[in-house]
Amino acid sequence: MRQLNRQDPSLVKAYHASLGAEKIRLARLLTVLAGGLNLLFMLLDYWAIPSAISSVWMIRAVIIGVLAIALASTWHPKFLRYYSVIMVTTIVIIGLGVNAMVLLAASTDVARDHYYGGLLLITFGLYALTYVSLPLSIAISVLFIGCYWSTSSGLPKETLATSLFFFTATTIIGM
């Protein structure tokens, strides 16, 4: 059995061209789901991060704006040409936004312990709802893990270790 990649460039090109409708469908699904979840998480913000709610909501507004632009771009004729750039940019902005929320959380806010769950959802979405290349997906996951580790270093060691374990496991499952 021949490997699809690097063996026959015309087959690779034809394969990627055949994925166009699927990439558009999944990009729309991802942006709508991520936007809906982002809005629902606003309800948790009152409880989870009361010390920085206005800053967190500004971050959420940016995320919603990025998702709206990404969704609108799926109707543009050149969307597929720039698919990877659009999807990677969107995912990275969402992930960095959630990491910023964790960073803004006061030591008494439960968001410090629990908002990594949002990063797990983003990581699942990256692997399940995009056709971003595996090496790039892994790099994004490692970026998120590194950012989370650096922004959460003040957590109790057991909490941080457990969060990082689940984050790493999510990445491995996604791969």
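A few remarks follow.
- Estimated 222 nm signal from helices in the chain, with DSSP H stretches of n ≥ 4 weighted -39500 (n - 2.57), rounded to 500: -26000 deg cm²/dmol
- Accessible area in square angstrom per residue, region 54-175, 1.4 angstrom probe: 50 Å²
- Taking only protein heavy atoms and a 1.4 Å probe, the accessible area of region 67-175 is 72% carbon and sulfur.
- Label-point separation in nm, residue 21 to residue 133, each point 7 Å along Cα→Cβ: 2.7 nm
- Note on residue 150 and residue 57: with the Förster distance fixed at 25 Å, the Cβ-Cβ geometry gives a FRET efficiency of about 0.60.
The values are calculated or read from the model by the stated rules, or taken from the named source; none is laboratory data. Predicted model only: the values in this text are computed from it and were never measured. Counting neighbours? That spans all protein chains shown, and the Cβs are built from the backbone with ideal geometry, glycine included. All accessible areas refer to the heavy atoms of the entire protein, side chains included, with ligands and DNA or RNA removed. Shrake-Rupley method; radii C 1.70, N 1.55, O 1.52, S 1.80 Å.
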